[in-house]
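To start, the structure itself, in structure tokens.
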Amino acid sequence: MIALKPIFSKIFRVLKVVYKASNHIFRIVLLTFILYSIAFSLVCTYAVYKAYNYGMDILNEVEELKTKQPEQSAFMKSLGSKAEIKHTFVPLDSISPFMQKAVIAGEDAGFYFHPGFDVRAIAEALEVNQKKNKVMFGGSTITQQLAKNLFLSNERSWERKFKELAYTILMEKYLGKDRILELYLNYAQWGVNIFGCEEASQYFYKKSCSKLSIDQAINLVAMLASPGKHHPEMKESRFMQERRNMIYRNMFPKKDSLLVDSLRSLTMPSNAD
């Protein structure tokens, strides 16, 4: 028994050292965990704060559109100060109903039925793009196009996609369809430096957009897909003719037809147009 005492004494001392070391390590781990938790909380708090401010800035810009007309869109500004922009704003009730219907038929046939995004149109665009093996259509709605035109640059990034999503959702919620359509018709590009249906109508037909005929409205909307290259009265262009046909079909569909859009019938303008 006497011989065992030194052994137990050594074991006790070893256990004591192990305990102290373990306790020290535990404290370091616990302190590290606490510090990381504090750092993570601070980062998350800052991120939430920035996201809130970011979202509020977008919301404020959208809410201003309820009553104010921007002097220029982001796209107009991107053309530079030397560009002689032609732009006149007119209220929706001063725009020909034919123009309103034609732009919906040509750009976003489901405009009054979707929440800002048309999943079916996107799916059709993807299908056409895969068949052509290149990006020909994006499936963007009128609301998405307006968001890009008024607020965004042409850069391709996730931040831009997020902004487009935010602007689209907020415009649908706070502006309503008629106001979105009014803004779209007033800031869409109809030529190198021609913006809005009033200036387009005056430039191409020497009349107010309130007096456009059905054919004139369809012709103007047909050129929206390529405003810098086409003229509303181009007769020899296959692209323009197919655009006119598609717009007319969507404006006056057959009673038994489920057709609301016809991406598949469209072709991009060729070099011969």
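Only the coordinates and a few stated rules stand behind these numbers; no lab work does. The shown structure was predicted, so the numbers you read here are calculated from the model rather than taken from an experiment. In this analysis, Cβ positions are derived from the backbone assuming ideal geometry, glycine residues included, and neighbour counts consider all displayed protein chains.
Taking Lys and Arg as +1 and Asp and Glu as -1, the other residues whose beta-carbon sits under 13 Å from that of Leu185 total -4. Computing FRET efficiency as 1/(1 + (r/R0)^6) for Glu233 and Ala83, where r is the C-beta to C-beta distance and R0 is 22 Å, gives about 0.35. Between amide H atoms placed 1.01 Å from N, distances below 5 Å from Trp190 occur with Phe195, Gly196, all of them 5 or more places distant or on a separate chain. Each Lys or Arg adds one and each Asp or Glu subtracts one; over the other residues with Cβ under 12 Å from the Cβ of Lys86, this totals -3. Between Lys16 and Phe33, the distance separating the two model label sites (each 7 Å from Cα on the Cα→Cβ line) works out to 2.9 nm.
Take the Cβ-Cβ distance between Arg156 and Asn60 as r, set R0 to 25 Å, and report the resulting FRET efficiency rounded to the nearest 0.05.
Working: r = 26 Å, r/R0 = 1.03.
Efficiency at R0 = 25 Å is approximately 0.45.
Each peptide among 58-64, 79-85 gets the average number of other Cβ atoms lying within 10 Å of its residues, and from highest to lowest they stand as 58-64, 79-85. Listed by chain and number, the aspartates and glutamates placed with their C-alpha closer than 17 angstrom to that of Lys207 are Asp93, Glu198, Glu199, Asp215, Glu233; residues fewer than eight positions away on the same chain are left out.
With the crude spin-label approximation of a point 7 Å out along Cα→Cβ, what separation in nm comes out for Tyr203 versus Val48? Here the modelled spin labels are 4.9 nm apart.
Please identify every one of the trypsin sites (Lys or Arg not before Pro) in region 193-228 that sits in a loop by DSSP and has no more than 10 other beta carbons within 10 Å of its own beta carbon.
Values: sites: Lys206, Lys207, Lys211; in loops: Lys206, Lys207.
Within region 193-228, the qualifying trypsin sites (Lys or Arg not before Pro) (loop, at most 10 other Cβ atoms within 10 Å) are Lys206.
Working note: Karplus 6.51/-1.76/1.60 with θ = phi - 60° gives region 25-42 the couplings 4, 4, 5, 5, 4, 5, 5, 4, 4, 5, 5, 5, 5, 5, 4, 5, 5, 5 Hz, where Gly and Pro are set to x.
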